[in-house]
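Chemist: First the structure, then my questions, so here it is.
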Amino acid sequence: MPLSRLNQEQLHAATTKAGSNLIIASAGTGKTSTIVARIAYLLKEKRVKPEHILLLTFTNKAAAEMLERISIFFDKTVMERLESGTFHAVSYRLLKKLGKKISLKQPKDLKILLKTIHDKRRFDHIDSSINVYQSSYLYDLFSLYQNSTIDLNFSDWLEEKGSEHGDYYDIYEDIFIEFKELKNEYGYVDFNDLLIMMRETLKEDNSLKFNEVLVDEYQDTNNLQSSLIDAFDKKSLFCVGDYDQSIYGFNGANIEIIGSFADRYKGASIFNLNKNYRSTSKILALANRVIEHNPRLYKKKYEVTRTQECEAPQLLIYDELFTQYQAISSLIKLSNTTYENIAVIFRNNSSADGMEATLREENIPCKRKGGISFFDSREIKAIMDLLSVVVNSKDMMAFIHIFEYAKGVGSALSKELFEALSKLGAGDIYRGFFHPKDISNPFKKRVQNYQLGLFDDCHEFGSVSRFANENFNENFLSNPILKHARLSVDGAKFIFKFYNYMRNSIRIKNPKILVNYIINSEIFNHITDFLATQRAIKKDGSIDEVAKQEARERILKKGDILKELAGGYKSSERFLNALTLGKSEMSAGDGVNLLSVHASKGLEFSQVYVIDLMDGRFPNRKLMNKGGSLEEERRLFYVAVTRAKDNLSLSYARFDKIKKIEYVHSPFLKEAKLL
DNA sequence: ACTACGCCCCTTTTT
DNA sequence: GGGGCGTAGT
């Protein structure tokens, strides 16, 4: 049993009685083992049914790893009955269980949607010296607002934050009212909506009961997540976290939540895990020297268990940024440690490209978490948009993205086409194609702008006989959208491909079969051809046919990978939503780990290189001016260095020759007494 | 009025 | 390397 391997303080925490329990666990003190043991204890000793246990973690990978460790002691079916994952993934699954239909959209897509609303607004009648928030920034601000507060409206929250945009509050509020309506119309849900929906559903529906709710990385909980924890009907709460590792302030993580635990939950018990099993004494001493500069919520105690001889952390100084990357690559090359046990950690992802390039030069394999280019490639996005439109035939964003590949159809026309189809199909473009309502002019504009007294747009029709030479079928030709005056033959051909795709795909329920159908469809062939051509254009403008063929094969290969990925899912809807929830957690390949500090959270490596430790970059001064703080940057530093088990190297460069910037070392190096 | 194309900007961290 | 913006061209 996992309990037998615990030390006294871990055992004490893992076997505590039901109630509100907070476990303060410093880096490397075995918090995962403690959570795993707690779950095993509940299942075995307390005879709690697995479906009455809810485990909330920061990443889905963390949850999977914990389950893996528990599964050694229990039957496989037990693990399947346990509910676990991120707040978002769990909310999605539970809402699904309650029969809600959810089409989760990427923030990027929703930002585009918000921009179209923002662009329609007029601000120039307001006499103000303050520049209006741009839509993308406004989206982030609103997201932070949703994560930060549960009882204020947006204006009051802005006011409380000292915003000087008072003159614009009404317009901002109005933008988000329309945004909400549009999300509703298109059937979209964003990350925050998922949590808010879950919380509101829990208030009305009490069929979901958990005996024990466990929360990992509790220090990074924000007010929205905390309110969701409170909304769960539970007998016992088991939260594990470390004040000094709170690094998600930008997402509303509120350090007060862990700080005020005992005040908020009557009769709460607090446990401390102080014995560090991960790092050598010298690494720990360095980490603690730095973090002690932060105001203490409680006295940090730490006990070193690895007391044997060890190497001191080293400071490496270079004249130039790339010299640094190259030198570190060489050090890695010479190291006896296996690549998988080495991590290069940085504050900003911009450090990753240079590092990756120099590792490549040395032929050292490496893997980057998140931002894998696979899901960011246009062909994969296109497949996912084609899937989206089948799963949710109200999905305007997916439709517009697909029509970016149509010649002669720009953003304005594609939006008009969508709206017309939507109108013909009562909100559903599939119906708009195949069971259209009897509307002669679906392009009639709704009166939208009251101030301008905009009338219905008188729209001139083009003759459908333009398309007489095309192999369009009767049903398609009779659809009113073909009457659009600005629709070219190329545009109509593309719509026909899309029409055929919709007709055949709607019946395919299995995601793997659907992806396979997409890859072989005419519309995807059109997209493949477009992308392959684009990628094969030579400098003189001509097309390299060999390169084009190669590009085409690469695209198809990616499609096959996506097809295999889809194989594990019951429905296309689940597949799509899983990709939105967890694509960044899929890391490809093996080798040296290239990680941002945030991505390194919860991981450990024998050898760690923390690079680019220059003032401005780490700490990131830009972010500090935008609501961050030096304390948070210091916690980031603490997280980064405590990933190391045996060897720690800290490095910086004095000059960036590409950007022509001279750098001063990070103040944390001084605090660490390395300078 | 709209689309296509070329040029310049920058590029935080995550579900 | 992609997104935003201005310009040429339909």
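Chemist: Could we say that A:A426 is under 19 Å from A:R503 (Cβ atoms), assigned to a loop (DSSP other than H, G, I, E, B) and either away from DNA strand C (no atom under 16 Å from the Cβ) or at pLDDT below 90 (or both) here?
Modeler: yes
Chemist: Right, here's the next one. Just give me the residues in segment A:212-255 being open to solvent by 10 Å² or more (accessible area, probe 1.4 Å), part of a strand (DSSP E or B), more than 23 Å from A:K61 (Cβ to Cβ) and modelled with pLDDT of 90 or more, in sequence order.
Modeler: Answer for segment A:212-255, where residues must be open to solvent by 10 Å² or more (accessible area, probe 1.4 Å), part of a strand (DSSP E or B), more than 23 Å from A:K61 (Cβ to Cβ) and modelled with pLDDT of 90 or more: A:K234, A:K235.
Chemist: Name the helices (runs of 4 or more DSSP H) wholly inside segment A:1-89 in which the number of residues that are crowded, with 20+ Cβ neighbours inside 10 Å is 2 or more.
Modeler: Result: A:8-14, A:31-44, A:60-71.
Chemist: For A:Y133, which of the numbered conditions (1) in a loop (DSSP other than H, G, I, E, B); (2) out of contact with any Lys or Arg (no Cβ under 9 Å at 6 or more places or on another chain); (3) under 30 Å from A:D167 (Cα atoms); (4) away from DNA strand B (no atom under 15 Å from the Cβ) fails to hold?
Modeler: Only one criterion is unmet by A:Y133, namely (4).
Chemist: A follow-up question, please. Please determine whether any residue of segment A:616-623 is among the basic types (K, R), surrounded by fewer than 20 Cβ atoms within 10 Å (Cβ to Cβ) and within 16 Å of DNA strand C (Cβ to nearest atom).
Modeler: Checked segment A:616-623: no residue is among the basic types (K, R), surrounded by fewer than 20 Cβ atoms within 10 Å (Cβ to Cβ) and within 16 Å of DNA strand C (Cβ to nearest atom).
Chemist: Taking segment A:496-509 as the region of interest, how many residues are touching a Ser or Thr at 6+ places or on another chain (Cβ under 9 Å) and touching a residue at least 60 places away in the same chain (Cβ under 8 Å)?
Modeler: Total satisfying the criteria: 6.
Chemist: Here are some residues: A:D428, A:D376, A:D353. Which one is touching a helix residue (DSSP H, G or I) at 6+ places or on another chain (Cβ under 8 Å) and of a type outside the set (A, V, I, L, M, F, W, C)?
Modeler: Result of the check over A:D428, A:D376, A:D353: A:D428.
Chemist: Any chance you could count how many residues in segment A:56-78 are of a type in the set (D, E, K, R) and closer than 19 Å to A:D220 by Cα?
Modeler: 1
Chemist: Name the single residue, out of those in segment A:136-151 being assigned to a loop (DSSP other than H, G, I, E, B) and touching a helix residue (DSSP H, G or I) at 6+ places or on another chain (Cβ under 7 Å), that is surrounded by the fewest Cβ atoms within 10 Å (Cβ to Cβ).
Modeler: Out of the qualifying residues, it is A:I150.
Chemist: Of all residues being open to solvent by 50 Å² or more (accessible area, probe 1.4 Å) and of a type in the set (S, T, N, Q) in segment A:117-135, which is farthest from DNA strand C (Cβ to nearest atom)? Just the residue, please.
Modeler: That would be A:S129.
Chemist: Here's a follow-up. With segment A:317-387 as the region, which helices (runs of 4 or more DSSP H) entirely inside it contain at least 2 residues that are open to solvent by 60 Å² or more (accessible area, probe 1.4 Å) and touching an Asp or Glu at 6+ places or on another chain (Cβ under 9 Å)?
Modeler: The helices (runs of 4 or more DSSP H) meeting that bar are A:321-334.
Chemist: Does segment A:98-106 contain at least one residue that is open to solvent by less than 40 Å² (accessible area, probe 1.4 Å) and either within 16 Å of DNA strand C (Cβ to nearest atom) or on the phi > 0 side of the Ramachandran plot (or both)?
Modeler: So far as segment A:98-106 goes, yes, one or more of its residues are open to solvent by less than 40 Å² (accessible area, probe 1.4 Å) and either within 16 Å of DNA strand C (Cβ to nearest atom) or on the phi > 0 side of the Ramachandran plot (or both).
Chemist: Still on this structure, please answer the following. Let me confirm something: among A:R507, A:R466, A:R431, which residue is assigned to a helix (DSSP H, G or I), in the same structural domain as A:L562 (by TED's automatic domain parsing), modelled with pLDDT of 85 or more and open to solvent by 70 Å² or more (accessible area, probe 1.4 Å)?
Modeler: The unique qualifying residue is A:R431.
Chemist: Also, I was wondering about something else. Closer than 28 Å to A:S246 by Cα and of a type in the set (K, R) - does that describe any residue in segment A:583-592?
Modeler: yes
Chemist: Take A:H125 and decide whether it is touching a Ser or Thr at 6+ places or on another chain (Cβ under 7 Å), outside the structural domain of A:V36 (by TED's automatic domain parsing), modelled with pLDDT under 90 and away from DNA strand B (no atom under 16 Å from the Cβ).
Modeler: no
Chemist: Now for a separate question. Is it fair to say A:N625 is more than 29 Å from A:K31 (Cβ to Cβ) and not aliphatic (A, V, I, L, M)?
Modeler: Spelling it out, A:N625 is indeed more than 29 Å from A:K31 (Cβ to Cβ) and not aliphatic (A, V, I, L, M).
Chemist: For A:D140, all conditions in the list (1) modelled with pLDDT under 85; (2) within 16 Å of DNA strand B (Cβ to nearest atom) hold save one; what is the number of the exception?
Modeler: Every condition holds for A:D140 apart from (1).
Chemist: Please state which one of A:R93, A:R47 is more than 16 Å from DNA strand C (Cβ to nearest atom), farther than 30 Å from A:S414 by Cβ and within 28 Å of the chain's Cα centre (by Cα).
Modeler: A:R93
Chemist: Just give me the residues in segment A:401-417 being open to solvent by 30 Å² or more (accessible area, probe 1.4 Å) and assigned to a helix (DSSP H, G or I), in sequence order.
Modeler: A:H401, A:E404, A:S411, A:A412, A:K415, A:E416
Chemist: Shifting gears a bit: Given the residues A:N60, A:N21, which is the only one that is among the polar types (S, T, N, Q), in the same structural domain as A:D263 (by TED's automatic domain parsing) and modelled with pLDDT of 95 or more?
Modeler: Result: A:N21 is the single residue among A:N60, A:N21 that is among the polar types (S, T, N, Q), in the same structural domain as A:D263 (by TED's automatic domain parsing) and modelled with pLDDT of 95 or more.
Chemist: Would you mind telling me which numbered condition in (1) farther than 18 Å from A:L113 by Cα; (2) within 16 Å of DNA strand C (Cβ to nearest atom); (3) among the aliphatic types (A, V, I, L, M) A:L138 fails?
Modeler: Tallying (1) farther than 18 Å from A:L113 by Cα; (2) within 16 Å of DNA strand C (Cβ to nearest atom); (3) among the aliphatic types (A, V, I, L, M), A:L138 fails exactly one: (1).
Chemist: Exactly one of these conditions fails for A:L359: (1) touching a Cys at 6+ places or on another chain (Cβ under 9 Å); (2) within 16 Å of DNA strand B (Cβ to nearest atom). Give me its number.
Modeler: (2)
Chemist: Counting only residues that are assigned to a loop (DSSP other than H, G, I, E, B) and of a type in the set (A, V, I, L, M, F, W, C), which one in segment A:602-615 is surrounded by the fewest Cβ atoms within 10 Å (Cβ to Cβ)?
Modeler: A:L603
Chemist: Still on this model: Please work out which one of (1) in contact with an Asp or Glu (Cβ under 7 Å, 6 or more places away or on another chain); (2) assigned to a strand (DSSP E or B) is the condition A:N593 fails and give its number.
Modeler: Of everything listed in (1) in contact with an Asp or Glu (Cβ under 7 Å, 6 or more places away or on another chain); (2) assigned to a strand (DSSP E or B), A:N593 misses just condition (1).
Chemist: Right, here's the next one. Please state which one of A:T528, A:T580 is surrounded by 14 or more Cβ atoms within 10 Å (Cβ to Cβ), hydroxyl-bearing (S, T, Y) and within 16 Å of DNA strand B (Cβ to nearest atom).
Modeler: Every option except A:T580 fails the conditions.
Chemist: Please go through segment A:635-675 and pick out each residue that is aromatic (F, W, Y) and in a loop (DSSP other than H, G, I, E, B).
Modeler: A:Y663
Chemist: Let me ask something additional. Can you list residue pairs whose Cβ atoms sit under 7 Å apart, with the first residue in segment A:246-269 being under 12 Å from A:N147 (Cβ atoms) and the second being of a type in the set (A, V, I, L, M)? Count only pairs 6 or more apart in sequence or on different chains.
Modeler: Close Cβ pairs satisfying both conditions: A:G252/A:L144; A:G252/A:L224.
Chemist: Going by the conditions given, is A:R93 in the same structural domain as A:N223 (by TED's automatic domain parsing), open to solvent by 30 Å² or more (accessible area, probe 1.4 Å), in a helix (DSSP H, G or I) and away from DNA strand B (no atom under 16 Å from the Cβ)?
Modeler: no
The values are calculated or read from the model by the stated rules, or taken from the named source; none is laboratory data. Bear in mind the structure is a predicted one, so any value in this text is a computation, not a measurement. Note that we place each Cβ from the backbone using ideal geometry, even for glycine, and neighbour counts take in every protein chain shown. Side chains are part of the model used for accessible areas, which takes the heavy atoms of the whole protein and leaves out ligands, DNA and RNA. Shrake-Rupley method; radii C 1.70, N 1.55, O 1.52, S 1.80 Å.
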